[in-house]
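In what follows, a single structure is set out as structure tokens and then discussed.
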Amino acid sequence: MERLPNPLRRHLAAVRAVAVLTVILGVLYPLLVTGVAQVLLSHRAGGSILRADGRDVGSALIGQSFTGEDGAPIRKYFQSRPSAGGYDPLASGASNLGPQDVADRLPDPRGVGQAARKGRVSLLTEVCARSTAVGEREGVSGARPYCTGDGVGAVLKVFPAVGTPTRVVSVNQACPATPFIPVYQGVRVECGRPGEDYSAGRTVPVRGNARAVVPPDAVTASGSGLDPHISVAYAELQAPRVARERGLGLDTVRTLIREHTTGRALGFLGEPGVNVLELNLALDRER
């Protein structure tokens, strides 16, 4: 070895170091950590998999949908928080849309390109539509302060952007819809026309007098899109429907909600949450 040229000796030393570190950090250390986890935290280390009727049905750590083949919610189950990624673990993430995303791009059958023909729904309209759907499903009001009666964002485009208005458009209500307010600052409000560009107008969200009954987590997705929990308020909102569909007493369903409610992290972080999959499995065992 002493006779080898210095550059070659340095390269061989580097290769030996890589090989040794690969064995230690890439093989032995992962095996050690995995072994300790399996001994001390077997359920969590295995993905917190839940089983029913002898088969795996999901993970307590990942939210999933409870819908039928037609995509409609199964009424005897509690519904999860909305997911921006369709409850796909490989598509985990948020919509990346913020509170300023309030104006839709209306679908235009005559538009050029798929995006123009399909249009784009704003975050506000998405929230309004979800609230309307939840309200209908649970038999409560789905109204929200910045939503129209037909479940879209209550947003106007005012022209010109500065000065006295001469034209006002309810941009999220496609013609021939009736605008949610007839007049704004003395100007008649028009319905939105697909394909027309309203970007030059001033955006004016209009707050109504409605009081939101549907909880925020029922209409907004989590940062991961895979939150396995819902708020206690959302669970309580769904309890009468689930009890009715299953022929159970409301007190029985509420007791199960309490049993599957987790407290705040470390006792003070966040809010209590209800694990939807665990709750639905407990309901199935009641049958």
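The values are calculated or read from the model by the stated rules, or taken from the named source; none is laboratory data. Keep in mind that what you see is a predicted model, and the values were worked out from it rather than measured. As a convention, Cβ positions derive from the backbone with ideal geometry for all residues, glycine included, and neighbour counts pool all protein chains shown. What goes into the accessible areas is simple: the full protein's heavy atoms, side chains included, and nothing from ligands, DNA or RNA. Shrake-Rupley method; radii C 1.70, N 1.55, O 1.52, S 1.80 Å.
Under unit Cβ charges (Lys, Arg +1; Asp, Glu -1), what dipole magnitude, rounded to 20 debye, does the chain have relative to its Cα centre?
560 debye
Pop out the carbon and sulfur fraction of the accessible area of the chain as a percent, whole number, probe 1.4 Å.
Carbon and sulfur atoms account for 58 percent of the accessible area of the chain.
Hey, any idea what the orientation-averaged projected area of the convex hull of the chain's Cα atoms comes to, in nm²?
26.8 nm²
Under a point-charge model restricted to the Cβ atoms of Lys and Arg (+1) and Asp and Glu (-1), what is the dipole moment magnitude of the range 33-159 relative to its Cα centre, in debye to the nearest 20?
Dipole of the range 33-159, to the nearest 20 debye: 120 debye.
Over the range 1-124, what is the mean sequence separation of C-alpha contacts under 8 Å (at least six apart), divided by residue count, expressed as relative contact order in percent?
10 percent
If amide H atoms are built 1.01 Å from N in the plane of the peptide, which residues on other chains or at least 5 residues away come under 5 Å of the amide H of Thr67?
Hits under the 5 Å cutoff: Ile74.
Report, to two decimal places, the Cα Rg of the range 96-239 normalised by 2.2 N^0.38 Å (N = number of residues).
Taking N as the residue count of the range 96-239, the ratio is 1.13.
With θ set to phi - 60° and the Karplus curve 6.51 cos²θ - 1.76 cosθ + 1.60, what are the ³J(HN,Hα) couplings of the range 177-186 in order, to the nearest whole Hz, using x for Gly and Pro?
Rounded to whole hertz, the list is 4, 7, x, 5, 10, x, 9, 10, 6, x.
Report the equivalent ellipsoid semi-axes for the range 33-177 in whole Å, largest first, defined as the square roots of five times the eigenvalues of the gyration tensor built from alpha carbon atoms.
So the equivalent ellipsoid measures 42, 18, 15 Å along its semi-axes.
With angles folded into 0 to 90 degrees, how steeply does helix 6-23 sit against the dominant principal axis of the chain? Use alpha carbons for both and round to 10.
Result, in degrees: 70.
Let me spell out the model: positive unit charges on the Cβ of Lys and Arg, negative unit charges on the Cβ of Asp and Glu, origin at the Cα centre of the range 128-287. What dipole size does that give, in debye rounded to 20?
With only Lys, Arg, Asp and Glu charged at Cβ, the dipole is about 460 debye.
For the range 166-214 and the range 46-71, what is the separation of their C-alpha centers, rounded to whole Å?
Result: 42 Å between the Cα centres.
If I fit a long axis through the Cα atoms of helix 29-40 and take the longest principal axis of the Cα atoms of the chain, what angle between them do I get, 0 to 90°, rounded to 10?
70 degrees
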